[in-house]
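> Please find one structure pasted underneath; my questions will follow.
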Amino acid sequence: VGLWFVNHCMNFPPDRMFAVNVLYQFTILSMMVSFTQVPYSAAIIAHERMSIYAYFEILNVTLKLVIVYLLLLSETDRLILYAALQLAVSVLMAFIYRIYCLRQFPECHFTTERDSGTVRNMLKFAGLDLYGNICAVAKNQGQPVILNMFFGVVANAGASIALIITGAISGFTTTIMQAFRPQIIKQYSAGHLEQCETAARRSAQFTILAYSAIAIPVVIWAPSILYLWLGQIPNFSVEFIRIIVLSSLFNIIINVNNACIHATGNIKNISFISGTAYLLCPILSFIWMLNKGPIVSGYIIDTLMLFVIANLGFFFIKKQIPNFGIASYLVSIYKTLITIGTSLVIVLFVMQLLHFGPLSLKIEATTILQILSQIFISTIVSLLVLMVLAWTIALKKDERGWICGLIRSRFQKFQRNSTDIENSSKKGQKTL
């Protein structure tokens, strides 16, 4: 069905249809490889080997950077080469994950033992979660398809560039969420609801703040960043970037809420309701664009739906975990969002006072050095403002104490390491 849809319903230049079909097949193979990798990634996260997970992801990103460099050197069809190299990286990373997990975790080995009860519970959980996941895929992949049907490949290019930039920002914060998720589930399973709520609150706050530290400068300087990167500003890409950055904030909240709900094992209601909301996104986008809606209408609908789903998550957490401190959790999240909005307003005001930035200058009229210096200054201002407001408004007293204790322990560890190195050096000198 997908192959028929690509060849008969989407808009591509006729001379590129062969490359499109090759890309389609390579993408299917990459997806199949990613399916088989899920248990191994989950094992690393469940064991909280976050440093290993980070190293593997750094390797993954580095290999993709190598792909970009190889594309510059190649004289063959770059779209086909890109798809083939992406598949090669997927296969290589799958082998690396498998080798590590097979050596470190006994449960990752194949076995002939049967545990019908566990299998039944897993299939029930996966089946309930499947509807929501399929609908989420329909939302994520449906919007580019609808864009292509109404506006062609130019709109797809603008949206793809926006997704690459926002994906890079989100990837920066993924590890924070992955580090907290096992703790949320473990604390709930142990019956420590107060610690579970604390882990969820910190996960949401720290992930949102880390995301915003990069997102605020990107939102402000989107035209300049695109100009420095591509030498031009693709049509509609700035609008796409700013809307998708906002929707990604709600995605962070949804992911934390889902971790709490998944910990209970009762995901039937949230999967059905949130999945249906996801499925409505491309349907409503299609209807709006049929009625001459704007090119960004699909992503506006996505953002509104994600806001609704995030708030539904709070309701289901309270319903399924009655003793969960939902009021404190809600206040912390919305104080963090207010902090981010206030930081953005202050940074924009400072930029106006300094008389620079894409709000007051034509990008083409400035030099690259001017653009870089302005981005650097505004990023520093943004970080300082965000840190001050987060410390005074968003974070509670126990969060501030936790951060101070973490910094203190790291500093003491650094001092001990320095002392050990110095003592080893003195012993070596005496021996000589």
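> Which order do you get for ASP115, ASP302 if you rank them by accessible area with a 1.4 Å probe, largest at the top? Show your work: numbers first, answer last.
Numbers: ASP115 85, ASP302 10 Å².
Sorted by accessible area, descending: ASP115, ASP302.
> Still on this structure: Using a probe of 1.4 angstrom, how much of the accessible area of the chain is carbon and sulfur, in percent?
Numbers: 16550 of 24210 Å².
Carbon-and-sulfur percentage of accessible area, whole number: 68.
> Specify whether the C-alpha gyration tensor of region 222-294 places it in the rounded, prolate or oblate class, a ≥ b ≥ c being the square roots of the eigenvalues: rounded for a/c under 1.5, otherwise prolate if a/b is larger than b/c and oblate if not.
Details: a/c = 4.92, a/b = 1.64, b/c = 3.00.
It comes out oblate by the Cα gyration axes.
> If you don't mind, there's one more thing I want to ask. May I ask which residue of SER34, LEU249, ILE403 lies farthest towards the positive end of the charge dipole of the chain, with charges of +1 (Lys, Arg) and -1 (Asp, Glu) on Cβ and the Cα centre as origin?
Farthest along the dipole direction, towards plus: ILE403.
> Sorting check: for 245-253, 12-20, 83-91, which peptide has the highest mean count of neighbouring beta carbons within 10 Å, and how do the rest follow? Could the numbers behind the result be given before it?
Working: 245-253: 20.7, 12-20: 12.2, 83-91: 17.9.
Going from most to least packed, we get 245-253, 83-91, 12-20.
> Explain nothing, just the number: relative contact order of the chain, from Cα pairs under 8 Å at least 6 residues apart, as a whole percent.
Values: 374 pairs, mean separation 72.3, N = 432.
Dividing the mean separation by the residue count of the chain yields 17 percent.
> Tell me, Kirkwood radius of region 1-149 from alpha-carbon pair distances, in Å? Don't jump to the answer; show the numbers that get you there.
Working: mean 1/r = 0.0544 Å⁻¹.
Answer for region 1-149: a Kirkwood hydrodynamic radius of 18.4 Å.
> If I ignore ligands, DNA and RNA and count only protein heavy atoms, how much of HIS109 is accessible to a 1.4 Å probe, in Å² to the nearest 10?
About 90 Å², rounded to the nearest 10.
> May I pose another question? Can you compute the charge dipole magnitude of region 103-159 about its Cα centre, using +1 on each Lys and Arg Cβ and -1 on each Asp and Glu Cβ, nothing else charged? Give it in debye, rounded to the nearest 20.
Numbers: 5 positive and 4 negative charges, 15 e Å.
That gives region 103-159 a dipole magnitude of about 80 debye.
> Protein chains only, probe 1.4 Å: how do ARG410, ARG114 rank by accessible area, largest first?
Numbers: ARG410 150, ARG114 220 Å².
Result of the area sort, largest leading: ARG114, ARG410.
> Okay, next question. Taking a spot 7 Å from the Cα of GLU107 along the direction of its beta carbon, which residues of region 40-63 have an amide N less than 11 Å from it?
Within reach of a label on GLU107, which here means backbone N under 11 Å from a point 7 Å along Cα→Cβ, region 40-63 contributes 42-48.
> For region 253-374, calculate the relative contact order in percent as a whole number, restricting contacts to Cα pairs under 8 Å that are 6 or more residues apart.
Relative contact order of region 253-374: 24 percent.
> Mind checking the full-extension length gain between GLN195 and ALA168? Use 0.36 nm per residue of separation minus the Cα-Cα distance, one decimal, nm. Show your work: numbers first, answer last.
Values: separation 27, 0.36 × 27 = 9.72 nm, distance 3.08 nm.
That works out to 6.6 nm of additional length.
> Still on this structure: Please list the radius of gyration and Dmax for region 31-72, considering alpha-carbon atoms only, with Å as the unit.
12.8, 40
> Using +1 at the C-beta of Lys and Arg and -1 at the C-beta of Asp and Glu, which of LEU81, THR339, VAL61 has the Cα lying farthest in the positive direction of the dipole of the chain?
THR339
> For region 27-157, what does the relative contact order come out to in percent, with C-alpha contacts under 8 Å and a separation of six or more? Walk me through the intermediate numbers first.
Values: 50 pairs, mean separation 36.4, N = 131.
Relative CO of region 27-157 lands at 28 percent.
> Still on this structure, I have one more. Would you give the gap between the C-alpha center of region 1-78 and the C-alpha center of region 362-411, rounded to a whole Å?
That distance is 33 Å.
> For the chain, how big is the tail of P(r) above 29 Å, as a whole percent of Cα pairs? Working shown, then result.
Working: 52680 of 93096 pairs.
That tail contains 57 percent of the Cα-Cα pairs.
> Heavy atoms only, 1.4 Å probe, whole protein assembly: order ILE267, ILE326, ILE134 by accessible area, highest first. Provide the component values of the computation, followed by the final result.
On the way: ILE267 0, ILE326 25, ILE134 100 Å².
Heavy-atom accessible area, descending, gives ILE134, ILE326, ILE267.
> How much area per residue is accessible in region 1-151 when the probe is 1.4 Å and only protein heavy atoms are counted (Å²)? Mind dumping the intermediate values first?
Details: 10020 Å² over 151 residues.
Accessible area per residue: 66 Å².
> Using the charge dipole of the chain (Lys, Arg: +1 at Cβ; Asp, Glu: -1 at Cβ; taken about the Cα centre), state which of ALA277, ASN291, ALA138 has its Cα farthest towards the positive end.
ALA277
> Then there's this: Which three numbers, in whole Å and largest first, are the semi-axes of the equivalent ellipsoid of region 260-417 derived from its Cα gyration tensor as √(5λ)?
On the way: eigenvalues 245, 204, 37 Å².
Ellipsoid half-lengths, sorted descending, are 35, 32, 14 Å.
> For a protection proxy built on the mean count of beta-carbon atoms within 10 angstrom, sort 151-159, 208-216 highest first, please. Numbers along the way, then the final one.
On the way: 151-159: 18.6, 208-216: 22.9.
Ranking, from highest mean packing down: 208-216, 151-159.
> While we're looking at this one, here's another question. Can you list the cysteines of the chain that have no other Cys Cβ under 4.7 Å away?
CYS9, CYS135, CYS196, CYS260, CYS281, CYS404
> Determine the alpha carbon to alpha carbon distance for each of LYS124/LYS268; LYS124/LYS318; LYS319/LYS396 and list only those over 18 Å.
Details: LYS124/LYS268 10 Å; LYS124/LYS318 23 Å; LYS319/LYS396 25 Å.
In this structure, LYS124/LYS318; LYS319/LYS396 lie more than 18 Å apart at Cα.
> On to the next question. Using a ≥ b ≥ c from the Cα gyration tensor of region 46-132 (square roots of the eigenvalues), is it rounded, prolate or oblate, where a/c under 1.5 gives rounded and otherwise the larger of a/b and b/c decides, a/b for prolate?
Numbers: a/c = 2.77, a/b = 1.95, b/c = 1.42.
In terms of gyration-tensor shape, prolate.
> If you find the alpha carbon centre of region 222-301 and of region 178-200, how far apart are they in angstrom?
If you average the Cα positions of each part, the centres end up 28 Å apart.
> Further question: Calculate the FRET efficiency for LEU280 and THR419 from the Cβ-Cβ distance with a Förster distance of 45 Å, rounded to the nearest 0.05. Could the numbers behind the result be given before it?
Values: r = 61 Å, r/R0 = 1.35.
According to the calculation, E is roughly 0.15.
The values are calculated or read from the model by the stated rules, or taken from the named source; none is laboratory data. Model, not experiment: these values are computed from the prediction. When we count neighbours, we look across all protein chains shown, and the Cβ atoms used for this are built from the backbone with ideal geometry, even at glycine. With ligands, DNA and RNA removed, areas are computed over all heavy atoms of the protein, side chains included. Shrake-Rupley method; radii C 1.70, N 1.55, O 1.52, S 1.80 Å.
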